[in-house]
Amino acid sequence: MTKFEIISTSLTVFNNIVIVFGIFIARNQLKLARDDLKSLNKIHSDNHRWNRALAAQEALRAFPYSDSQRRLQRTFNFQNSSSVIELKTIQQALESEVDLQSDLHDLLNFYESLARGIHQGVFDEDVIKSARMGAMIRAERAFKNYIIDRRSKTSPRAWCELSEIVGDWERQIANIVKKSPIG
């Protein structure tokens with residue numbers, strides 16, 4: 001073998017070693033980049049979850065529980081009952097007290113906005129559930145006949161998301177299986 005062939009072969013071997021080493025470094029860099037992307041995705045996911053919980057808290061604070069709530073409670077006592085109020089009873093009360101219908105609509109619209117926020121991923125469902133689940137279930141159940149009447153007469157989609165989320169929660173409650181004690 002000539003000196004030129006030895007140098008040429010040595011350079012080819014050196015070149016191949018550099019290429020293999022470069023591929024090894026590139027593979028490690030890609031792995032590090034993938035790990036960084038996973039970390040960023042987790043941070044983004046956690047941040048999004050935090051913002052949804054914060055938005056839910058802000059929405060819960062937005063409804064003024066004042067005279068309107070007291071009037072509805074005084075008239076229908078719906079917060080202390082688990083039964084459906086007859087449509088005729090609701091209609092008579094709404095006719096006798098002028099502001100009562102707007103109070104009822106404000107309450108149902110507020111709960112509808114919470115349900116819509118949950119369905120669209122704006123609000124964290126666990127925050128809304130822990131704060132208002134019982135109240136939302138009782139209100140939707142108490143005024144179910146009124147809601148159905150409004151849907152048939154004026155707006156077929158009136159408070160649909162409220163009814164849907166309440167139905168989901170009631171099914172979740174019904175599916176809880178109590179386990180027998182161990183021992």
Inset, instruction - Measure nothing fancy, just the Cα-based angle from helix 125-142's long axis to the longest principal axis of the chain, in degrees from 0 to 90, nearest 10. - result: 30 degrees
Inset, instruction - Quickly estimate the mean residue ellipticity at 222 nm for the chain, helices only: each DSSP H run with n ≥ 4 gives -39500 (n - 2.57), and the total goes over all residues, rounded to 500. - result: -27000 deg cm²/dmol
Legend entry - Spatially near lysine pairs across the chain, Cα under 24 Å, sequence gap of 8 or more or different chains: 7
Inset, instruction - Based on the mean of other Cβ atoms within 10 Å per residue, sort peptides 148-154, 5-11 so the most packed one is first. - result: 148-154, 5-11
Inset, instruction - Please work out how much length the chain gains when fully extended from SER102 to ARG74, using 0.36 nm per residue of separation minus the C-alpha to C-alpha distance, in nm with one decimal. - result: 8.5 nm
Inset, instruction - Kindly express, to the nearest 10 degrees and within the range 0 to 90, the angle between helix 67-76's C-alpha long axis and the longest C-alpha principal axis of the chain. - result: 60 degrees
Legend entry - Burial ranking of peptide ranges 96-106, 155-165 (average Cβ count within 10 Å, highest at the top): 155-165, 96-106
Inset, instruction - Starting from the Cα of LEU60, step 7 Å along the direction of its Cβ; do the same at ASN41; then give the gap between the two resulting points in nm. - result: 3.1 nm
Inset, instruction - Output ³J(HN,Hα) for region 108-116: one whole-Hz value per residue in order, computed from phi by the Karplus curve 6.51 cos²θ - 1.76 cosθ + 1.60 with θ = phi - 60°, and x for Gly and Pro. - result: 5, 5, 4, 5, 4, 5, 5, 5, 4
Legend entry - About the Cα centre, charge dipole magnitude for region 32-135 (Lys/Arg +1, Asp/Glu -1 at Cβ), debye: 340 debye
Inset, instruction - Add +1 for every Lys or Arg and -1 for every Asp or Glu among the other residues with Cβ under 12 Å from the Cβ of LYS88, and state the total. - result: -3
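Every read-out reported here was derived from the displayed coordinates using simple, explicitly stated rules and does not represent laboratory data. Small disclaimer: the values here were computed from a predicted structure and weren't measured. Every residue, glycine as well, gets a Cβ built from its backbone with ideal geometry; the counts of neighbours run over all protein chains shown.
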